[in-house]
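First up is the structure itself, then whatever we jot down about it.
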Amino acid sequence: MMTSIQQPSQQWEIAACKIVAIAEDGLWSSGGECALAYLLERGLTVHTIRSARLGYVSGRIGERRDIAGLDVPCGMIIPWFAADMLWAVSVRQDEHPRHVQIAGGSKEGLYNADSLRHNLIALICDCEVGVLLIQQEAGDLVAPVTLRSATARLTARWYGKLMGQRQILIANGQGMAGQRGTRDLLKFSPRLKQLRLPEGKTIPDFLLNGGDIHAWISEALQEMQPEVNRNVY
C-alpha cells in the first residue's frame with residue numbers, strides 16, 4: 001500500500017541547505033581528504049561528486065555537530081534535492097546504521113527524481129551511490145532513482161511520477177533486503193521489471209569488480225526492447 005507524502009518544513013529546509021553548503025566545503029578541505037578519496041575509490045568522478053553536492057562533516061563515528069540549529073551526525077553528507085526543494089539529508093557512516101538522516105527531513109523522498117523529466121526508462125536501485133554511478137555511466141540510457149532503502153515504501157507522489165515513464169526497471173542489491181524490496185515493488189505494475197546484476201551484490205561492487213555499467217544496461221534494454229515498446233502509454 002502506498003503512503004501519503006510528508007514534506008519537510010520550510011524552516012528545516014533553510015537550515016538543512018546551510019548544512020549542505022558547509023559540508024560541501026568540508027569535503028573539499030584538507031579535513032575531507034579521506035572522505036573524498038573514498039568517493040573516488042567507489043568510482044565517482046569529481047564532476048559527479050560536485051553535481052550531487054556531496055559533502056562531509058568531520059568527526060568520529062557516533063559524534064554529532066550542532067549546525068544551523070540542527071543535530072548533525074558526523075559522516076558523508078548526501079542531500080536529496082527534487083522538485084525545487086531539499087527533501088532530506090542522508091548521512092553515511094562507517095558503522096551500522098550505515099545511513100541515517102538529519103532529523104526533520106522527509107522519509108518519503110525519491111533521490112534523483114528530477115532525472116525522470118528527461119528519460120523514458122526509469123531504473124530504481126537501493127542506494128544513492130548506485131544512483132550516482134548509473135547517472136554517471138549510463139545517464140543517456142536510463143533515469144536512476146532510489147527510495148530511502150530497498151524496503152522503503154513508494155508514495156503516491158512518486159508512484160505517479162514513475163508511472164509517467166515508459167518502463168521502470170529495478171536493480172536492487174542481491175541481499176535479503178534488496179530481494180524483498182524488489183518483490184514488493186514488482187506488485188505495483190506489470191510495467192516494473194527486475195534487472196539483475198551480472199555479478200556482485202551491489203552496483204558499486206559491480207563497478208569495482210571491473211563491470212561495465214553502460215554495457216550491462218544497454219544489453220538488457222536491447223533484450224527488453226519489444227516489451228518496452230508494448231508498454232508505451
Inset, instruction - Considering each residue of region 37-51, count those that are touching a Pro at 6+ places or on another chain (Cβ under 8 Å) and small (Gly, Ala, Ser), and give that number. - result: 1
Legend entry - Flag for Leu110 being over 30 Å from Met224 (Cβ atoms), of a type outside the set (Asp, Glu) and without any contact (Cβ under 8 Å) to a residue 60 or more places away in the chain: no
Legend entry - Residue in region 41-69 that is modelled with the lowest pLDDT, counting only those that are assigned to a helix (DSSP H, G or I) and loosely packed, with under 14 Cβ neighbours inside 10 Å: Glu41
Legend entry - Pairs, first farther than 14 Å from Trp216 by Cα in region 135-148, second buried (at least 22 other Cβ atoms within 10 Å of the Cβ) and of a type in the set (Lys, Arg), C-beta under 9 Å, six or more apart: none
Legend entry - Matching residues, region 122-142, being outside any loop (DSSP other than H, G, I, E, B) and out of contact with any helix residue (DSSP H, G or I) (no Cβ under 7 Å at 6 or more places or on another chain): Glu128, Val131
Inset, instruction - Please verify whether region 57-80 includes one or more residues that are small (Gly, Ala, Ser), farther than 27 Å from Pro204 by Cα and outside the structural domain of Phe206 (by TED's automatic domain parsing). - result: yes
Inset, instruction - Return yes when His99 is under 13 Å from the mean Cα position of the chain (by Cα) and modelled with pLDDT under 90 and no when it is not. - result: yes
Inset, instruction - Kindly indicate whether any position in region 54-67 is under 28 Å from Leu141 (Cα atoms) and either in contact (Cβ under 8 Å) with a residue 12 or more places away in the chain or not small (Gly, Ala, Ser) (or both). - result: yes
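The values are calculated or read from the model by the stated rules, or taken from the named source; none is laboratory data. Predicted model only: the values in this text are computed from it and were never measured. Positions of Cβ are generated from backbone atoms using ideal geometry, with glycine treated the same way; all protein chains shown enter the neighbour counts.
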